[in-house]
Amino acid sequence: MATRGFFGRPPGKDAARRLPPGQYETRDFPVLSMGPTPQVELATWRFTLREGARPIASWSWPEFEALPRTAWRGDIHCVTKWSKFDTQWEGVDIDALFAAAGIAPPTAFLLAESYDGYDTNVPVADLTGGRGMIATRYDGAPLAPEHGGPARLLVPHLYFWKSAKWVKGLRFTPRNEAGFWELRGYHLYGDPWREQRYTGDP
Amino acid sequence: MSAPFAEASRWREALIERVVRQTPRVVSVFLRAPLAEHQAGQHVDIRLTAPDGYQAQRSYSVASAPGAAAIELAIERLDDGEVSPYFHEVARPGDSFELRGPIGGHFVWRPEDGGPILLVGGGSGIVPLMAMERHRAARAPQVEALLVYSARSFEELIFRDELLERRARDGAFRLVTTTTREPRRTAVDFDRRLDRTLLREILAGWGRAPRQAYVCGSNAFVEAVTAALVAEGVAARSIRAERYGGAA
């Protein structure tokens, strides 16, 4: 049913094709975080893979920077409804990370964990096969703290709350455990093309 | 836990009861909608539909206290906005649109969370903080609260008359405004950018250590204020932030 007097400003053909349902294009890069931006020092930064509480592999910043690099360019979609096109990221591919650790994923699920206490769950299959990376550069420069620097998860085919900022590690879990927002009414998976914003969305 | 969340994700019809001008750039839209009672600080999603079927969605914080007769949204008109001009120029009592929620479980305050609470708002960032203050005054009036509210001018302070009245009659509620483009009008207010020095001065004047702090506004505002609070010794974990960004 139409809203009386509302006509809106539908996006052009290209944008319409690239926008998942309910999204609009923004040209700036809005920031959304649950609290203050944590100050994460490179000198003490570590990135750790864990199975439950047990560390499997860990890298300091120089060690992490020495891992094989990958680049990705594409569109990102925030659950607060903005989408941003043609963003450019560099970092370490999750496949390369697992290879460097010499592991095969021990479970099908994980939680990305952050320095500010945030976490979010992602199926491992959504990170492997070139679908996810730990990003350390955005638009050709080191990732700014307010956007998650020094390093954030990038899993652009899911709503952007899954791309945890200030990430300190990935923890494999036996089951699909809800993370910070998933415990607070947000969808367990978060596919923008199926508009999985909230618990109860299909 | 998932039942109420699932309930909140259903689109419902919202009926506009009143549209009230708050400032030159902000209107309050009062709605009737069959939503579950929200928590102070939560938001709703709205969806407008054009005659050709095109739809636009946005999120707006709720300004009314939980349990209020009508849901109040305070909507700023954004230059070049797609949805906010509808609320400013078209919407009138009796109109309806779709709405779902309430949404968000982090930037919320409940009476059992206690206090003292520190609320810091920039511009339209006052909206979810207003719901918290209204809720506090109604349900937990013994909890002490300090609201620090920054706007460009006196005229652009949303809910100004209500806030000034609350300041005059509620001993547990302290209000300090700062206007960044206009001289202050009282000796208890300020007319400077809200930086660490000013925050320190305001917190010292209050003399309380906040148990929880809620900061809402533009990203630049929230970044500056939360960093200043951490530098002033407020525990990072006790600070909850909500950043307004993007178009609307």
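Residues in segment A:176-198 that are in contact with a strand residue (DSSP E or B) (Cβ under 7 Å, 6 or more places away or on another chain) and either of a type in the set (Gly, Ala, Ser) or at the interface with another protein chain (Cβ under 7 Å from one of its Cβ atoms) (or both): A:Ala178, A:Gly179, A:Gly185, A:Tyr198.
Could you look through segment B:215-248, keep only residues that are under 13 Å from B:Gly125 (Cβ atoms) and more than 10 Å from chain A (Cβ to nearest Cβ), and pick out the one that is surrounded by the fewest Cβ atoms within 10 Å (Cβ to Cβ)?
Going through segment B:215-248, the residues under 13 Å from B:Gly125 (Cβ atoms) turn out to be B:215-226, B:240-245.
Next, only the ones that are more than 10 Å from chain A (Cβ to nearest Cβ) stay: B:216-217, B:221, B:224.
Working: B:Cys216: 27, B:Gly217: 26, B:Phe221: 21, B:Ala224: 19.
Taking the candidates together, the pick is B:Ala224.
Conditions (1) within 21 Å of B:Gln42 (Cβ to Cβ); (2) within 12 Å of chain A (Cβ to nearest Cβ); (3) not acidic (Asp, Glu), marked per residue:
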site	(1), (2), (3)
B:Glu89	no, yes, no
B:Arg92	no, yes, yes
B:Asp95	no, yes, no
B:Leu99	yes, yes, yes
B:His106	yes, yes, yes
B:Trp109	yes, no, yes
B:Gly121	yes, no, yes
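Candidates in segment B:1-40 are the residues that are within 12 Å of another protein chain (Cβ to nearest Cβ) and of a type in the set (Gly, Ala, Ser); of these, the one that is nearest to B:Pro111 (Cα to Cα) is B:Ala36.
Within segment A:12-41, work out how many residues are more than 9 Å from every other protein chain (Cβ to nearest Cβ), in contact with a Phe, Trp or Tyr (Cβ under 7 Å, 6 or more places away or on another chain) and in a loop (DSSP other than H, G, I, E, B). Don't jump to the end; show me each part of the working.
Initial filter on segment A:12-41 (more than 9 Å from every other protein chain (Cβ to nearest Cβ)): A:12-20, A:40-41.
Restricting the remaining residues to those that are in contact with a Phe, Trp or Tyr (Cβ under 7 Å, 6 or more places away or on another chain) gives A:18, A:20, A:40.
Remaining after also requiring in a loop (DSSP other than H, G, I, E, B): A:20, A:40.
Qualifying residue count, segment A:12-41: 2.
Any residue at all in segment B:103-111 that's in a strand (DSSP E or B) and not hydroxyl-bearing (Ser, Thr, Tyr)? The answer is yes, given that some residue of segment B:103-111 is in a strand (DSSP E or B) and not hydroxyl-bearing (Ser, Thr, Tyr).
Going through segment A:18-43 one residue at a time, which ones are loosely packed, with under 13 Cβ neighbours inside 10 Å and within 28 Å of B:Arg243 (Cα to Cα)? Walk me through it before giving the result.
In the first step, residues of segment A:18-43 are kept if they are loosely packed, with under 13 Cβ neighbours inside 10 Å; the result is A:21, A:27-28, A:39, A:41, A:43.
Correct list: A:Pro21, A:Arg27, A:Asp28, A:Gln39, A:Glu41.
Determine whether segment B:117-140 contains at least one residue that is polar (S, T, N, Q) and either part of a helix (DSSP H, G or I) or modelled with pLDDT under 95 (or both). Steps first, answer last, please.
Within segment B:117-140, the first condition is being polar (S, T, N, Q), and the residues that meet it are B:124.
Among the residues that remain, those that are also either part of a helix (DSSP H, G or I) or modelled with pLDDT under 95 (or both) are: B:124.
Yes, some residue in segment B:117-140 is polar (S, T, N, Q) and either part of a helix (DSSP H, G or I) or modelled with pLDDT under 95 (or both).
For segment A:81-92, the count of residues that are crowded, with 18+ Cβ neighbours inside 10 Å, in contact (Cβ under 8 Å) with a residue 40 or more places away in the chain and assigned to a loop (DSSP other than H, G, I, E, B) is nonzero.
Tell me, which residue of segment A:154-194 that is aromatic (Phe, Trp, Tyr) and out of contact with any Cys (no Cβ under 8 Å at 6 or more places or on another chain) is farthest from B:Pro4 (Cα to Cα)? Give the steps one after another, and end with the answer.
Filtering segment A:154-194 down to residues aromatic (Phe, Trp, Tyr) leaves A:159-161, A:166, A:172, A:180-181, A:186, A:189, A:193.
From what is left, the residues that are out of contact with any Cys (no Cβ under 8 Å at 6 or more places or on another chain) are A:166, A:172, A:180-181, A:186, A:189, A:193.
Working: A:Trp166: 31, A:Phe172: 29, A:Phe180: 17, A:Trp181: 15, A:Tyr186: 12, A:Tyr189: 18, A:Trp193: 24 Å.
Once the filter is applied, the top-ranked residue is A:Trp166.
Scan segment A:67-75 and tell me whether some residue there is touching a Pro at 6+ places or on another chain (Cβ under 6 Å) and under 29 Å from B:Tyr60 (Cα atoms). I'd like the intermediate steps shown before the answer.
At the first step, the residues of segment A:67-75 found to be touching a Pro at 6+ places or on another chain (Cβ under 6 Å) are A:74.
Checking which are under 29 Å from B:Tyr60 (Cα atoms) leaves us with A:74.
Taking every residue of segment A:67-75 in turn, at least one turns out to be touching a Pro at 6+ places or on another chain (Cβ under 6 Å) and under 29 Å from B:Tyr60 (Cα atoms).
Taken over segment B:189-218, residues that are closer than 21 Å to B:Met132 by Cβ, touching a Ser or Thr at 6+ places or on another chain (Cβ under 9 Å) and either part of a helix (DSSP H, G or I) or aliphatic (A, V, I, L, M) (or both) amount to 4.
Name every residue in segment B:105-136 that is small (Gly, Ala, Ser) and more than 19 Å from B:Gln22 (Cβ to Cβ), in order of residue number. Outline the logic, then answer.
Applying the first criterion (small (Gly, Ala, Ser)) to segment B:105-136 yields B:105, B:114-115, B:121-125, B:131.
Correct list: B:Gly105, B:Gly114, B:Gly115.
The values are calculated or read from the model by the stated rules, or taken from the named source; none is laboratory data. None of the values given here were measured: they were computed from a predicted structure. When we count neighbours, we look across all protein chains shown, and the Cβ atoms used for this are built from the backbone with ideal geometry, even at glycine.
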